[in-house]
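Visitor: What follows is a single structure, and I will ask about it in a moment.
Please treat every number below as a calculation from the coordinates, not as lab data. The structure presented is a predicted model; accordingly, all values stated were derived computationally and were not measured. Note that each Cβ is placed from the backbone with ideal geometry, even for glycine, and that neighbours are counted across all protein chains shown.
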Amino acid sequence: MKVAKFGGTSLADAEQFRKVKKIIESDTSRRYIVPSAPGKRYPSDEKVTDMLIGCFNVAQKGQNIRALFDKIKSRFFDIAIELEIDTACIDDKLDEIEQNIQNKSSRAYAASRGEYINAILLSEYLSLPFLDAKNIIIFNVNGELDQSKTHEQIQLHLATLDKCVIPGFYGIDQKGNYHVFSRGGSDITAALIARSINADIYENWTDISGFRAADPRIVPDSKYIQQLTYKELRELSYMGATVLHEDSVFPVRASGIPTQILNTNDPLHPGTLIHYLPQQKAHLPLVTGIAGKKGFTAITIEKLRMNSELGFGRKVLQILEKHNLTFDHLPTGIDTMSIIVSTDSLFKCKDKLKEEIESAVNPDSIVFTDKLAMVAVVGSGMSKKIGIAARLFTALAEQGIVIKTIIFAPSELCIIIGIDEDYLETSIRSIYDTFIRE
Ligand code: ASP
């Protein structure tokens, strides 16, 4: 049993709908289908969700949304007419939505209507039942997902539905108010459904064939990663590799359900399969992927005999907490402690922070080093292998790159290095050539 989520570009126009139908009908185990709202058909196009939010903003100013809303209607009517779907299934609903947005419905209601109408169209086109997400995705009044009620409702409603189409991205609270996940959140809806029905797999159909071993803007011919673990995914996503909505992974990861990223425009491509544990242990690549991010600052605090001063670390970290600052890494030496944070987060509090650390722990020095990039070299196959770090550092040395900090993630599946931002691209290319290029 599979849950298949189709993103906005996969359902942007009638041609894409045809591809989606073929995909769904080619495998009868694809039983629960979760669509996004129509996305961009070409780079300068608008996403329907953005157009709906645009209508909401105009209505809030008391202006008429007719002209804007007509564009949204045409997007849906164009799809329906080309696919010979009777527009009666969406006609009145679109009028009602227009009226509601004009009469100042909530932003979440407006934003969610692209998924709602698209799912109705898709269910008509596939001749499958439509199940409104408001019946199964339950939020509390503060807009947080109510996981246990959602789980209960999914199980209850899907028990009697062999197959159906369910719009992604939104749900309601007990007062009937609409809420949406953050942008791209249809991924979360589908993952929640996959978990609650204990699906064999959660398929995420998009417009790319999965994760690449390195950002293709840096390594244009970088390979697709066929197999990934959720832990590796976390390390790579954290450093900027984005394909899935970050929060979509937690429900399926916790239940050990694999996620497969697949390409609607190239359905025979194997994509990327994300598992709980590495699959073919014997043939694990040493390095699965490399990702990096600029914009870090290292706050380096030095004090003689820091290691024997009780509570030193706590006092420093408490000051960060007071300023609402999270840290990304914490490499330490005997007499030094370095706190790596995002440079942006220091914007307003750098001087105050320095002052407070000085008065709390009386250090010999505090130095802020900006323009730091962090590069994560990730691979479950690297633990217990000899010489990985040696090869990595040789590769960087050959490019004349100075390593400013090194972190061996305790999970043993990741080496993170800090370098000057200007060398980020060169370092990723050289690490890719050393470990991944054949
Ligand atoms: N349509 C929403 C967005 O554009 C949600 C989604 O596509 O997953 O963010």
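Visitor: If you average the sequence gap of Cα pairs under 8 Å that are 6 or more apart and divide by the length of the chain, what percent do you get for the contact order?
Guide: Details: 853 pairs, mean separation 58.0, N = 438.
Relative contact order for the chain comes out at 13 percent.
Visitor: Still on this model: Within region 339-373, list the residues whose amide N lies under 18 Å from a label point set 7 Å along Cα→Cβ of Arg314.
Guide: Hits in region 339-373 for Arg314 at 18 Å: 357, 360-362.
Visitor: Size of the dipole of the chain about the Cα centre, Lys and Arg at +1 and Asp and Glu at -1 on the beta carbon, nothing else charged, in debye to 20?
Guide: 540
Visitor: How large is the convex hull of the C-alpha atoms of region 323-438 per residue, in Å³?
Guide: 133
Visitor: OK, next. Lys and Arg at +1, Asp and Glu at -1: add these up for the other residues within a Cβ distance under 14 Å of Glu115 and post the number. Numbers along the way, then the final one.
Guide: On the way: positive: Lys5, Lys47, Arg75, Lys93, Arg113, Lys134, Arg183; negative: Asp50, Asp132, Asp187.
Net local charge, Glu115 excluded: +4.
Visitor: Under 19 Å from a label point 7 Å along Cα→Cβ of Gln60: give me every residue in region 80-123 with its amide N that close.
Guide: Flagged as within label range: 98-114.
Visitor: Is the shape of region 102-190 best called rounded, prolate or oblate, per the rule: a/c under 1.5 gives rounded, else a/b larger than b/c gives prolate, else oblate, with a ≥ b ≥ c the square roots of the Cα gyration tensor eigenvalues? Working shown, then result.
Guide: Numbers: a/c = 1.93, a/b = 1.19, b/c = 1.63.
Here region 102-190 falls in the oblate category.
Visitor: If you take the beta carbon distance between Phe408 and Ser106 as r and set R0 to 41 Å, what does 1/(1 + (r/R0)^6) give as a FRET efficiency, to the nearest 0.05?
Guide: Numbers: r = 48 Å, r/R0 = 1.16.
My answer for the efficiency is 0.30.
Visitor: Follow-up. Let's test the formula: R0 of 35 Å, r as the Cβ-Cβ distance of Phe393 and Asp200. What FRET efficiency results, to the nearest 0.05?
Guide: About 0.25, to the nearest 0.05.
Visitor: Can you pull the Rg over Rh of region 1-158, Cα-only, Kirkwood? Each step should come with its number before you reach the end.
Guide: On the way: Rg = 16.1 Å, Rh = 16.5 Å.
Over the Cα atoms of region 1-158, Rg/Rh equals 0.97.
Visitor: Quick check: Cα centre of region 407-429 to Cα centre of region 158-208, how many Å?
Guide: Value for the Cα centre distance between the two parts: 35 Å.
Visitor: Report the local net charge at Gly289: Lys and Arg +1, Asp and Glu -1, summed over other residues whose C-beta lies under 15 Å from its C-beta.
Guide: Neighbour charge sum, excluding Gly289 itself: +3.
Visitor: So the label point goes 7 Å from the Cα of Ser182 along Cα→C-beta, right? Which residues of region 245-277 then have their backbone N under 14 Å from it?
Guide: Within reach of a label on Ser182: 245-250.
Visitor: Going by amide H atoms built from the backbone, whose H comes under 5 Å of the H on Phe211, apart from near neighbours?
Guide: Here the answer is Ile225, Thr272, since their amide H atoms fall under 5 Å of that of Phe211.
Visitor: Using only the Cα atoms, what convex hull volume per residue in Å³ does the chain have?
Guide: On the way: hull volume 77.3 nm³, N = 438.
Per residue, the Cα convex hull of the chain comes to 176 Å³.
Visitor: Short version: ³J(HN,Hα) in whole Hz for each residue of region 95-107, in order, from phi by Karplus 6.51 cos²θ - 1.76 cosθ + 1.60 (θ = phi - 60°), x for Gly and Pro, what are they?
Guide: 4, 5, 4, 4, 4, 4, 5, 4, 8, 6, 5, 6, 4
Visitor: Something else about it: In cubic angstrom, how much convex hull volume per residue do the alpha carbon atoms of region 144-217 span?
Guide: Numbers: hull volume 10.2 nm³, N = 74.
About 138 Å³ per residue, rounded to a whole number.
Visitor: Would you kindly derive the ³J(HN,Hα) couplings of region 290-305 from the backbone phi angles with the Karplus curve 6.51 cos²θ - 1.76 cosθ + 1.60 (θ = phi - 60°), listing them in order in whole Hz, with x for Gly and Pro?
Guide: Working through the residues one at a time gives 10, 9, x, 9, 8, x, 10, 10, 9, 9, 9, 10, 10, 7, 4, 6 Hz.
Visitor: For Lys71 and Lys384, compute 0.36 nm times the residue count separating them, minus their Cα-Cα distance, and round to one decimal in nm.
Guide: Here the segment from Lys71 to Lys384 would lengthen by 106.9 nm.
Visitor: Amide H to amide H, which residues 5 or more places from Lys5 or on other chains are under 5 Å from it, using H placed in the peptide plane?
Guide: Val34, Glu203, Asn204, Trp205
Visitor: Still on this structure: Between 0 and 90 degrees, rounded to the nearest ten: what's the tilt of helix 350-361 against the longest Cα principal axis of the chain?
Guide: Computed tilt is about 50 degrees.
Visitor: Also, quick follow-up: Take the Cβ-Cβ distance between Asn362 and Glu246 as r, set R0 to 35 Å, and report the resulting FRET efficiency rounded to the nearest 0.05. Working shown, then result.
Guide: Numbers: r = 40 Å, r/R0 = 1.13.
With R0 = 35 Å, the Cβ-Cβ based efficiency is 0.30.
Visitor: Determine ³J(HN,Hα), in whole Hz, for all residues of region 187-198 in sequence, where each value follows from phi through the Karplus function 6.51 cos²θ - 1.76 cosθ + 1.60 and θ = phi - 60°; x replaces Gly and Pro.
Guide: My calculation for region 187-198 gives 3, 6, 3, 5, 5, 5, 5, 4, 5, 5, 9, 6 Hz in order.
Visitor: Sorted by mean Cβ packing within 10 Å, highest first, what order do the peptides 364-370, 47-53 take? Intermediate results must be reported in sequence, preceding the final value.
Guide: On the way: 364-370: 13.1, 47-53: 21.3.
In decreasing order of mean packing, 364-370, 47-53 become 47-53, 364-370.
Visitor: Here are some pairs, Lys294/Lys371; Lys134/Lys175; Lys5/Lys231; Lys2/Lys47; which of them have Cα atoms lying more than 18 Å apart in this structure? Show your work: numbers first, answer last.
Guide: Details: Lys294/Lys371 7 Å; Lys134/Lys175 12 Å; Lys5/Lys231 22 Å; Lys2/Lys47 27 Å.
Pairs exceeding the cut-off: Lys5/Lys231; Lys2/Lys47.
Visitor: Excluding Cys55 itself, calculate the net charge of residues whose Cβ lies under 14 Å from the Cβ of Cys55, where each Lys or Arg counts +1 and each Asp or Glu counts -1. Write out the running numbers ahead of the final one.
Guide: Values: positive: Lys47, Lys61, Arg66, Lys71, Lys73, Arg75, Lys104, Arg107, Arg113; negative: Glu46, Asp50, Asp70, Asp95, Glu96, Glu98.
Local charge sum for Cys55: +3.
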